[in-house]
Amino acid sequence: MTFRYDDLSKRQRQFVDALAAQTQNPNVDRQYLLDIIEATDIYTVPPAWIVQDSRRRTDTRGVYHVPEIREAVHTISTAAPEPVAAPAAAPVTVAAAPTMNLAGAAVMGMTGGDRAHLIPSRESTYVPWGHFSSIEKILKAKIFYPTFVTGLSGNGKTTMIEQVCAKLKRPCYRVNITKQTDEDDLLGGFRLIDGNTVWCDGPVVKAMEDPAGGVLLLDEIDLGSTNIMCLQSVLEGKGVYLKKIGRWVTPAAGFTVLATANTKGKGSDDGRFIGTNVMNEAFLDRFPVTLEQDYASRSTEKKILTKAMAAVSIDDADFGDHLVKWAEIIRKSFAEGAVDEIISTRRLVDIVKAYAIFDDKMTAINMAIARFDDDTKEGFLNLYTKVDGDDVVATEAAPTDWSSMDPDARIELNVGDENKDDAKNRGAKGDGDKRTWYTTAGHLATDDRLTAFNPIAPTQDVECPF
(Lines give C-alpha, C1' and ligand atoms only; values in the text may rest on other atoms or scores of the structure.)
Protein backbone atom coordinates (compact mmCIF):
# COMPACT_ATOMS: atom_id res chain seq x y z
CA MET A 1 0.00 0.00 0.00
CA THR A 2 1.18 3.52 -0.79
CA PHE A 3 1.12 6.08 2.01
CA ARG A 4 0.12 9.55 0.84
CA TYR A 5 0.42 12.86 2.66
CA ASP A 6 -2.95 14.04 1.31
CA ASP A 7 -4.69 11.03 2.88
CA LEU A 8 -3.72 12.11 6.39
CA SER A 9 -6.02 13.97 8.74
CA LYS A 10 -5.25 17.58 9.68
CA ARG A 11 -3.71 16.51 13.01
CA GLN A 12 -1.65 13.78 11.35
CA ARG A 13 -0.35 16.26 8.75
CA GLN A 14 0.66 18.66 11.52
CA PHE A 15 2.69 15.91 13.15
CA VAL A 16 4.33 14.89 9.88
CA ASP A 17 5.14 18.56 9.18
CA ALA A 18 6.92 18.71 12.53
CA LEU A 19 8.86 15.57 11.64
CA ALA A 20 9.72 16.94 8.20
CA ALA A 21 10.98 20.19 9.72
CA GLN A 22 13.73 18.10 11.34
CA THR A 23 14.59 15.42 8.81
CA GLN A 24 14.01 14.20 5.27
CA ASN A 25 14.61 10.60 6.28
CA PRO A 26 11.31 8.66 6.12
CA ASN A 27 12.53 6.17 8.76
CA VAL A 28 12.28 7.54 12.31
CA ASP A 29 12.87 5.89 15.67
CA ARG A 30 10.67 5.97 18.75
CA GLN A 31 12.88 8.46 20.61
CA TYR A 32 12.61 10.88 17.72
CA LEU A 33 8.83 10.62 17.87
CA LEU A 34 8.96 11.33 21.61
CA ASP A 35 11.18 14.38 21.03
CA ILE A 36 8.69 15.85 18.56
CA ILE A 37 5.79 15.06 20.90
CA GLU A 38 7.46 16.92 23.73
CA ALA A 39 8.27 19.84 21.44
CA THR A 40 4.87 20.27 19.82
CA ASP A 41 2.16 18.81 22.13
CA ILE A 42 0.31 17.54 19.04
CA TYR A 43 0.17 14.12 20.70
CA THR A 44 0.88 12.96 24.24
CA VAL A 45 2.15 9.50 23.20
CA PRO A 46 3.56 8.11 19.94
CA PRO A 47 0.56 8.04 17.56
CA ALA A 48 -0.99 4.63 16.98
CA TRP A 49 -1.31 5.22 13.23
CA ILE A 50 2.50 5.06 13.13
CA VAL A 51 3.68 2.70 15.87
CA GLN A 52 0.79 0.21 15.70
CA ASP A 53 0.57 -0.09 11.92
CA SER A 54 2.52 -3.26 11.04
CA ARG A 55 3.04 -1.96 7.50
CA ARG A 56 5.18 0.88 8.86
CA ARG A 57 7.58 -1.33 10.80
CA THR A 58 11.09 -1.71 9.43
CA ASP A 59 13.69 -4.42 9.89
CA THR A 60 15.13 -2.41 12.77
CA ARG A 61 13.25 -2.72 16.03
CA GLY A 62 11.71 0.58 17.15
CA VAL A 63 12.14 2.28 13.76
CA TYR A 64 9.05 3.20 11.71
CA HIS A 65 8.51 4.08 8.04
CA VAL A 66 6.79 7.44 7.48
CA PRO A 67 7.23 8.19 3.76
CA GLU A 68 4.80 11.12 4.03
CA ILE A 69 7.77 13.05 5.42
CA ARG A 70 9.22 13.41 1.92
CA GLU A 71 5.96 14.92 0.61
CA ALA A 72 5.81 17.25 3.61
CA VAL A 73 9.35 18.45 2.97
CA HIS A 74 8.39 19.21 -0.64
CA THR A 75 5.26 21.03 0.51
CA ILE A 76 7.23 23.22 2.92
CA SER A 77 9.83 24.03 0.27
CA THR A 78 7.31 25.04 -2.38
CA ALA A 79 5.47 27.20 0.14
CA ALA A 80 8.55 29.35 0.76
CA PRO A 81 8.25 33.12 0.20
CA GLU A 82 9.38 34.76 -3.00
CA PRO A 83 13.19 34.84 -3.41
CA VAL A 84 14.96 38.04 -2.40
CA ALA A 85 18.39 39.27 -3.30
CA ALA A 86 21.16 38.75 -0.79
CA PRO A 87 23.32 41.83 -0.30
CA ALA A 88 26.36 41.07 -2.43
CA ALA A 89 28.34 42.53 -5.27
CA ALA A 90 26.75 40.09 -7.70
CA PRO A 91 23.06 39.04 -7.70
CA VAL A 92 22.35 35.81 -5.89
CA THR A 93 19.11 33.91 -5.47
CA VAL A 94 18.08 33.51 -1.86
CA ALA A 95 15.43 31.02 -0.78
CA ALA A 96 13.82 31.27 2.62
CA ALA A 97 14.69 28.48 4.98
CA PRO A 98 11.76 26.32 6.10
CA THR A 99 10.29 27.63 9.34
CA MET A 100 8.93 25.55 12.17
CA ASN A 101 7.18 26.11 15.48
CA LEU A 102 8.63 23.59 17.90
CA ALA A 103 8.60 25.72 21.05
CA GLY A 104 12.36 25.91 20.92
CA ALA A 105 12.79 22.46 22.41
CA ALA A 106 13.96 20.58 19.34
CA VAL A 107 15.64 22.30 16.39
CA MET A 108 18.23 21.60 13.78
CA GLY A 109 21.60 21.11 15.41
CA MET A 110 24.11 23.91 15.25
CA THR A 111 26.55 21.71 13.33
CA GLY A 112 25.93 19.13 10.65
CA GLY A 113 22.15 19.53 10.66
CA ASP A 114 21.75 16.97 13.46
CA ARG A 115 18.81 17.20 15.81
CA ALA A 116 19.62 18.75 19.14
CA HIS A 117 17.37 18.66 22.17
CA LEU A 118 18.07 22.01 23.71
CA ILE A 119 16.77 21.21 27.18
CA PRO A 120 19.74 19.41 28.74
CA SER A 121 19.22 15.94 30.19
CA ARG A 122 19.27 15.54 33.96
CA GLU A 123 22.42 13.77 35.12
CA SER A 124 21.68 11.25 37.85
CA THR A 125 25.24 11.58 39.16
CA TYR A 126 25.16 15.36 39.47
CA VAL A 127 25.57 16.92 42.93
CA PRO A 128 24.27 20.53 43.18
CA TRP A 129 26.82 22.80 44.88
CA GLY A 130 28.65 26.09 44.49
CA HIS A 131 26.54 28.73 42.75
CA PHE A 132 23.87 26.26 41.62
CA SER A 133 21.18 27.93 43.74
CA SER A 134 22.24 31.42 42.57
CA ILE A 135 21.99 30.45 38.89
CA GLU A 136 18.65 28.77 39.62
CA LYS A 137 17.29 31.96 41.21
CA ILE A 138 18.45 34.04 38.24
CA LEU A 139 16.73 31.78 35.71
CA LYS A 140 13.58 31.43 37.83
CA ALA A 141 13.27 35.21 37.92
CA LYS A 142 12.90 35.15 34.11
CA ILE A 143 14.45 38.61 33.80
CA PHE A 144 17.36 39.55 31.60
CA TYR A 145 20.40 39.34 33.86
CA PRO A 146 23.73 38.47 32.14
CA THR A 147 26.00 36.54 34.51
CA PHE A 148 29.75 35.90 34.26
CA VAL A 149 30.94 32.67 35.95
CA THR A 150 34.68 32.32 36.45
CA GLY A 151 36.91 29.68 38.04
CA LEU A 152 39.72 27.21 37.46
CA SER A 153 39.35 24.44 34.91
CA GLY A 154 37.35 21.32 35.68
CA ASN A 155 35.35 22.59 38.64
CA GLY A 156 31.92 22.19 37.04
CA LYS A 157 30.95 25.68 35.83
CA THR A 158 29.41 24.64 32.52
CA THR A 159 27.81 21.49 33.92
CA MET A 160 26.26 23.52 36.72
CA ILE A 161 24.53 25.86 34.27
CA GLU A 162 23.35 22.99 32.07
CA GLN A 163 21.93 21.13 35.07
CA VAL A 164 20.05 24.21 36.29
CA CYS A 165 18.51 24.46 32.80
CA ALA A 166 17.68 20.75 32.94
CA LYS A 167 15.96 21.16 36.32
CA LEU A 168 13.94 24.18 35.17
CA LYS A 169 13.35 22.71 31.69
CA ARG A 170 14.84 25.76 30.01
CA PRO A 171 16.37 25.46 26.52
CA CYS A 172 20.13 26.03 26.69
CA TYR A 173 21.96 27.29 23.59
CA ARG A 174 25.60 26.51 24.32
CA VAL A 175 28.17 28.21 22.09
CA ASN A 176 31.84 27.34 22.56
CA ILE A 177 33.77 30.53 21.94
CA THR A 178 37.13 30.46 20.13
CA LYS A 179 39.42 33.09 18.67
CA GLN A 180 37.73 32.53 15.28
CA THR A 181 34.15 32.98 16.55
CA ASP A 182 32.59 35.92 14.74
CA GLU A 183 29.29 37.62 13.95
CA ASP A 184 28.41 35.04 11.31
CA ASP A 185 28.81 32.20 13.84
CA LEU A 186 26.81 33.98 16.53
CA LEU A 187 24.05 35.93 14.80
CA GLY A 188 23.70 33.96 11.57
CA GLY A 189 24.54 34.20 7.91
CA PHE A 190 23.87 32.94 4.42
CA ARG A 191 24.34 29.22 3.77
CA LEU A 192 24.24 27.20 0.57
CA ILE A 193 21.48 24.59 0.95
CA ASP A 194 20.35 22.41 -1.96
CA GLY A 195 21.71 24.91 -4.44
CA ASN A 196 19.95 27.88 -2.82
CA THR A 197 21.50 30.64 -0.74
CA VAL A 198 19.52 30.61 2.49
CA TRP A 199 19.71 32.86 5.52
CA CYS A 200 20.11 30.82 8.71
CA ASP A 201 19.72 32.35 12.15
CA GLY A 202 22.66 31.83 14.50
CA PRO A 203 22.37 30.39 18.02
CA VAL A 204 22.18 33.86 19.59
CA VAL A 205 19.13 34.80 17.53
CA LYS A 206 17.50 31.42 18.13
CA ALA A 207 18.01 31.78 21.88
CA MET A 208 16.63 35.33 21.86
CA GLU A 209 13.47 34.35 20.01
CA ASP A 210 12.82 31.10 21.87
CA PRO A 211 9.35 31.50 23.44
CA ALA A 212 10.35 29.15 26.27
CA GLY A 213 12.94 31.64 27.52
CA GLY A 214 16.21 30.66 25.90
CA VAL A 215 19.42 30.61 27.93
CA LEU A 216 22.44 31.60 25.86
CA LEU A 217 25.55 29.93 27.32
CA LEU A 218 28.78 31.50 26.02
CA ASP A 219 31.31 28.88 27.09
CA GLU A 220 34.98 29.87 27.53
CA ILE A 221 34.15 33.44 26.56
CA ASP A 222 37.66 34.69 27.41
CA LEU A 223 39.00 32.78 24.40
CA GLY A 224 37.12 35.11 22.06
CA SER A 225 38.53 38.00 20.05
CA THR A 226 37.06 41.46 19.50
CA ASN A 227 34.70 39.80 17.00
CA ILE A 228 32.31 38.99 19.86
CA MET A 229 31.72 42.73 20.35
CA CYS A 230 28.76 42.21 18.00
CA LEU A 231 26.95 41.03 21.16
CA GLN A 232 27.06 44.46 22.82
CA SER A 233 23.40 45.26 22.23
CA VAL A 234 22.42 41.68 23.05
CA LEU A 235 24.09 42.05 26.47
CA GLU A 236 22.06 45.20 27.05
CA GLY A 237 18.83 43.26 26.55
CA LYS A 238 17.76 45.55 23.71
CA GLY A 239 17.85 43.05 20.86
CA VAL A 240 20.03 43.06 17.79
CA TYR A 241 19.80 44.29 14.22
CA LEU A 242 20.67 41.75 11.50
CA LYS A 243 22.04 44.19 8.97
CA LYS A 244 22.54 41.57 6.24
CA ILE A 245 18.80 40.98 5.95
CA GLY A 246 17.45 44.15 7.55
CA ARG A 247 15.67 42.44 10.45
CA TRP A 248 15.44 43.61 14.04
CA VAL A 249 15.39 40.79 16.62
CA THR A 250 13.70 41.45 19.95
CA PRO A 251 14.40 39.05 22.83
CA ALA A 252 11.50 36.98 24.11
CA ALA A 253 10.54 37.02 27.78
CA GLY A 254 12.91 34.99 29.93
CA PHE A 255 15.91 35.25 27.60
CA THR A 256 19.23 35.77 29.36
CA VAL A 257 22.96 35.25 28.85
CA LEU A 258 25.38 33.22 30.98
CA ALA A 259 29.12 33.15 30.27
CA THR A 260 31.87 30.92 31.67
CA ALA A 261 35.61 31.57 31.73
CA ASN A 262 38.78 30.41 33.46
CA THR A 263 39.87 34.03 33.95
CA LYS A 264 38.08 37.28 34.77
CA GLY A 265 38.71 38.62 31.30
CA LYS A 266 42.16 39.96 32.16
CA GLY A 267 44.18 37.24 30.43
CA SER A 268 46.39 34.56 31.98
CA ASP A 269 49.77 35.81 33.21
CA ASP A 270 51.05 32.38 34.26
CA GLY A 271 50.33 30.83 30.85
CA ARG A 272 48.08 28.14 32.30
CA PHE A 273 45.17 29.18 30.11
CA ILE A 274 46.94 29.93 26.88
CA GLY A 275 44.77 31.65 24.30
CA THR A 276 42.71 33.60 26.81
CA ASN A 277 42.56 37.31 26.06
CA VAL A 278 42.27 40.61 27.85
CA MET A 279 38.64 41.40 27.15
CA ASN A 280 37.14 44.77 26.32
CA GLU A 281 36.14 46.54 29.55
CA ALA A 282 32.94 47.91 28.03
CA PHE A 283 31.97 44.35 27.07
CA LEU A 284 32.70 42.99 30.57
CA ASP A 285 30.83 45.88 32.18
CA ARG A 286 27.62 44.64 30.57
CA PHE A 287 27.67 41.65 32.93
CA PRO A 288 26.09 43.02 36.13
CA VAL A 289 27.32 40.13 38.28
CA THR A 290 30.36 37.85 38.40
CA LEU A 291 30.26 34.54 40.27
CA GLU A 292 33.61 33.08 41.33
CA GLN A 293 33.52 29.30 41.54
CA ASP A 294 36.20 27.45 43.49
CA TYR A 295 36.61 23.69 43.73
CA ALA A 296 34.08 21.85 45.85
CA SER A 297 34.65 21.25 49.54
CA ARG A 298 35.98 17.86 50.64
CA SER A 299 32.52 16.63 51.73
CA THR A 300 30.87 17.76 48.49
CA GLU A 301 33.62 16.34 46.31
CA LYS A 302 33.34 13.04 48.14
CA LYS A 303 29.63 12.95 47.27
CA ILE A 304 30.51 13.63 43.64
CA LEU A 305 32.97 10.73 43.57
CA THR A 306 30.57 8.44 45.41
CA LYS A 307 27.97 8.99 42.69
CA ALA A 308 30.58 8.68 39.96
CA MET A 309 31.66 5.33 41.42
CA ALA A 310 28.09 4.08 41.68
CA ALA A 311 27.60 4.92 37.99
CA VAL A 312 30.43 2.54 37.03
CA SER A 313 29.58 -0.12 39.66
CA ILE A 314 32.46 0.62 42.03
CA ASP A 315 31.99 0.36 45.80
CA ASP A 316 35.14 1.75 47.40
CA ALA A 317 34.46 4.63 49.77
CA ASP A 318 38.04 4.63 51.05
CA PHE A 319 39.45 5.16 47.56
CA GLY A 320 37.13 8.11 47.04
CA ASP A 321 38.16 9.58 50.39
CA HIS A 322 41.85 9.18 49.57
CA LEU A 323 41.44 10.81 46.16
CA VAL A 324 39.64 13.81 47.63
CA LYS A 325 42.25 14.28 50.35
CA TRP A 326 45.04 13.92 47.80
CA ALA A 327 43.51 16.55 45.52
CA GLU A 328 42.91 18.90 48.44
CA ILE A 329 46.58 18.80 49.51
CA ILE A 330 47.72 19.45 45.93
CA ARG A 331 45.36 22.40 45.57
CA LYS A 332 46.63 23.95 48.80
CA SER A 333 50.19 23.51 47.55
CA PHE A 334 49.18 25.10 44.22
CA ALA A 335 47.64 28.08 46.01
CA GLU A 336 50.86 28.54 47.99
CA GLY A 337 52.96 28.35 44.83
CA ALA A 338 54.66 25.08 45.80
CA VAL A 339 53.47 23.22 42.69
CA ASP A 340 52.52 24.38 39.18
CA GLU A 341 49.82 21.82 38.43
CA ILE A 342 46.48 21.01 39.99
CA ILE A 343 44.08 18.08 40.24
CA SER A 344 40.56 19.12 39.22
CA THR A 345 37.28 17.50 40.12
CA ARG A 346 36.96 16.43 36.49
CA ARG A 347 40.31 14.62 36.74
CA LEU A 348 39.19 12.77 39.88
CA VAL A 349 36.09 11.54 38.05
CA ASP A 350 38.35 10.46 35.17
CA ILE A 351 40.45 8.43 37.64
CA VAL A 352 37.31 6.68 38.88
CA LYS A 353 36.36 5.76 35.31
CA ALA A 354 39.87 4.50 34.57
CA TYR A 355 39.75 2.40 37.73
CA ALA A 356 36.49 0.84 36.53
CA ILE A 357 38.11 -0.01 33.19
CA PHE A 358 41.54 -1.25 34.30
CA ASP A 359 40.67 -2.48 37.82
CA ASP A 360 43.87 -1.01 39.27
CA LYS A 361 44.07 2.17 41.33
CA MET A 362 47.67 3.06 40.61
CA THR A 363 47.21 2.49 36.88
CA ALA A 364 44.22 4.84 36.94
CA ILE A 365 46.15 7.51 38.83
CA ASN A 366 49.23 7.17 36.62
CA MET A 367 47.10 7.64 33.50
CA ALA A 368 45.46 10.74 34.95
CA ILE A 369 48.75 12.47 35.80
CA ALA A 370 50.77 11.24 32.80
CA ARG A 371 50.47 14.60 31.01
CA PHE A 372 52.43 16.38 33.77
CA ASP A 373 56.23 16.65 33.68
CA ASP A 374 58.24 13.84 35.29
CA ASP A 375 59.02 15.65 38.55
CA THR A 376 55.42 16.66 39.08
CA LYS A 377 54.22 13.16 38.22
CA GLU A 378 56.59 11.59 40.72
CA GLY A 379 55.68 14.08 43.41
CA PHE A 380 51.94 13.58 42.95
CA LEU A 381 52.30 9.81 42.90
CA ASN A 382 54.43 9.79 46.06
CA LEU A 383 51.90 12.01 47.77
CA TYR A 384 49.07 9.65 46.92
CA THR A 385 50.95 6.64 48.30
CA LYS A 386 51.30 8.54 51.57
CA VAL A 387 47.61 9.43 51.66
CA ASP A 388 46.58 5.83 50.91
CA GLY A 389 48.76 3.63 53.16
CA ASP A 390 47.36 0.49 51.56
CA ASP A 391 48.88 1.38 48.19
CA VAL A 392 52.42 2.37 49.06
CA VAL A 393 54.70 1.34 46.21
CA ALA A 394 58.43 0.69 45.94
CA THR A 395 58.92 0.57 49.71
CA GLU A 396 59.49 -2.06 52.34
CA ALA A 397 57.77 -2.61 55.64
CA ALA A 398 59.40 -0.53 58.37
CA PRO A 399 61.44 -2.58 60.83
CA THR A 400 60.52 -2.55 64.47
CA ASP A 401 64.14 -2.34 65.63
CA TRP A 402 65.47 0.95 64.25
CA SER A 403 68.61 0.59 66.38
CA SER A 404 69.75 -2.27 64.14
CA MET A 405 70.12 0.10 61.20
CA ASP A 406 72.89 2.55 60.38
CA PRO A 407 72.06 5.52 62.63
CA ASP A 408 72.71 7.93 59.72
CA ALA A 409 70.32 6.11 57.36
CA ARG A 410 67.69 8.41 55.90
CA ILE A 411 64.13 7.49 56.86
CA GLU A 412 61.22 9.04 54.94
CA LEU A 413 58.21 10.09 56.98
CA ASN A 414 54.59 10.17 55.81
CA VAL A 415 53.92 13.73 56.88
CA GLY A 416 51.01 15.63 55.36
CA ASP A 417 50.77 19.42 55.33
CA GLU A 418 48.45 19.31 58.31
CA ASN A 419 51.13 17.55 60.46
CA LYS A 420 54.34 19.21 59.30
CA ASP A 421 54.59 21.49 62.35
CA ASP A 422 54.31 18.51 64.68
CA ALA A 423 57.01 16.66 62.74
CA LYS A 424 59.28 19.70 62.79
CA ASN A 425 58.88 20.05 66.56
CA ARG A 426 60.00 16.43 66.92
CA GLY A 427 63.20 17.03 65.00
CA ALA A 428 62.20 15.96 61.47
CA LYS A 429 63.68 17.89 58.56
CA GLY A 430 61.86 18.93 55.41
CA ASP A 431 63.13 18.77 51.84
CA GLY A 432 61.38 21.66 50.14
CA ASP A 433 62.26 20.56 46.62
CA LYS A 434 60.77 17.11 47.06
CA ARG A 435 58.09 18.22 49.54
CA THR A 436 59.09 15.33 51.80
CA TRP A 437 60.04 15.04 55.48
CA TYR A 438 62.90 12.90 56.78
CA THR A 439 64.61 11.78 59.95
CA THR A 440 67.42 9.33 60.73
CA ALA A 441 67.28 5.76 62.00
CA GLY A 442 69.28 6.86 65.03
CA HIS A 443 66.69 9.53 65.84
CA LEU A 444 63.86 7.02 65.48
CA ALA A 445 65.66 4.61 67.79
CA THR A 446 65.74 7.24 70.54
CA ASP A 447 62.35 8.89 69.94
CA ASP A 448 59.58 6.43 69.07
CA ARG A 449 57.03 9.26 68.84
CA LEU A 450 58.07 9.68 65.22
CA THR A 451 56.74 6.21 64.40
CA ALA A 452 53.29 7.82 64.42
CA PHE A 453 54.16 9.14 60.95
CA ASN A 454 54.54 5.59 59.54
CA PRO A 455 58.24 5.84 58.61
CA ILE A 456 59.40 4.08 55.46
CA ALA A 457 62.60 2.08 55.56
CA PRO A 458 65.00 2.80 52.68
CA THR A 459 65.34 0.18 49.96
CA GLN A 460 69.08 0.91 49.75
CA ASP A 461 71.75 2.48 51.93
CA VAL A 462 71.15 6.21 51.80
CA GLU A 463 72.65 8.61 54.29
CA CYS A 464 70.57 11.45 55.55
CA PRO A 465 71.64 14.83 54.10
CA PHE A 466 71.55 16.56 57.48
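The values are calculated or read from the model by the stated rules, or taken from the named source; none is laboratory data. Predicted model only: the values in this text are computed from it and were never measured. Cβ atoms come from the backbone with ideal geometry, glycine included; neighbour counts cover every protein chain shown. Only protein heavy atoms, including side chains, enter the accessible area calculation; ligands, DNA and RNA are left aside. Shrake-Rupley method; radii C 1.70, N 1.55, O 1.52, S 1.80 Å.
Taking helices (runs of 4 or more DSSP H) as the structural unit, those lying wholly within the range 261-348 and holding at least 3 residues that are under 24 Å from Asn382 (Cα atoms) correspond to 298-311, 317-335. Listed here are the strands (runs of 3 or more DSSP E) enclosed by the range 62-165 that have at least 3 residues being modelled with pLDDT of 90 or more: 147-150. Checking each residue in the range 215-230 for being aliphatic (A, V, I, L, M), surrounded by 20 or more Cβ atoms within 10 Å (Cβ to Cβ) and closer than 14 Å to Gly265 by Cβ picks out Leu218, Ile221, Leu223, Ile228.
The rows are residues; the columns are (1) open to solvent by less than 20 Å² (accessible area, probe 1.4 Å); (2) aliphatic (A, V, I, L, M).
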site	(1), (2)
Arg4	no, no
Gln14	no, no
Asp29	no, no
Leu34	no, yes
Ala39	yes, yes
Val45	no, yes
Ser54	no, no
Thr58	no, no
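A search for C-beta distances below 8 Å between a residue of the range 1-15 that is in contact (Cβ under 8 Å) with a residue 60 or more places away in the chain and any residue that is open to solvent by less than 100 Å² (accessible area, probe 1.4 Å) and in a loop (DSSP other than H, G, I, E, B), counting only pairs 6+ apart in sequence or on different chains, returns Phe3/Val66; Phe3/Pro67. Summed over the range 282-297, the residues that are of a type in the set (Phe, Trp, Tyr) and open to solvent by 20 Å² or more (accessible area, probe 1.4 Å) give a count of 1.
Which ones in the range 373-412 are under 19 Å from Ala338 (Cα atoms) and either at pLDDT below 75 or not in a helix (DSSP H, G or I) (or both)? Across the range 373-412, the qualifying residue is only Asp373. Given the criteria of a type outside the set (Val, Ile, Thr), under 26 Å from Val415 (Cα atoms) and modelled with pLDDT under 95, does Ala311 qualify? So Ala311 fails the test.
For every residue, the table says whether it meets (1) of a type in the set (A, V, I, L, M, F, W, C); (2) open to solvent by less than 20 Å² (accessible area, probe 1.4 Å); (3) within 16 Å of Thr178 (Cβ to Cβ).
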position	(1), (2), (3)
Val205	yes, yes, no
Glu209	no, no, no
Gly213	no, yes, no
Val240	yes, yes, no
Ala252	yes, no, no
Asn262	no, no, yes
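Across the range 236-260, the number of residues qualifying as assigned to a strand (DSSP E or B) and either over 24 Å from Asp222 (Cα atoms) or aromatic (Phe, Trp, Tyr) (or both) comes to 5.
Within the range 209-226, residues that are under 25 Å from Ala253 (Cα atoms) and part of a helix (DSSP H, G or I) reach partners that are of a type in the set (S, T, N, Q) and open to solvent by 10 Å² or more (accessible area, probe 1.4 Å) with beta carbons closer than 9 Å, at six or more positions or on different chains, in the pairs Glu209/Thr250. Could you list, in sequence order, all residues of the range 166-184 that are over 21 Å from the mean Cα position of the chain (by Cα) and free of Cβ contacts under 8 Å to residues at least 40 places away in the same chain? Listed by number, the list holds a single entry, Asp184.
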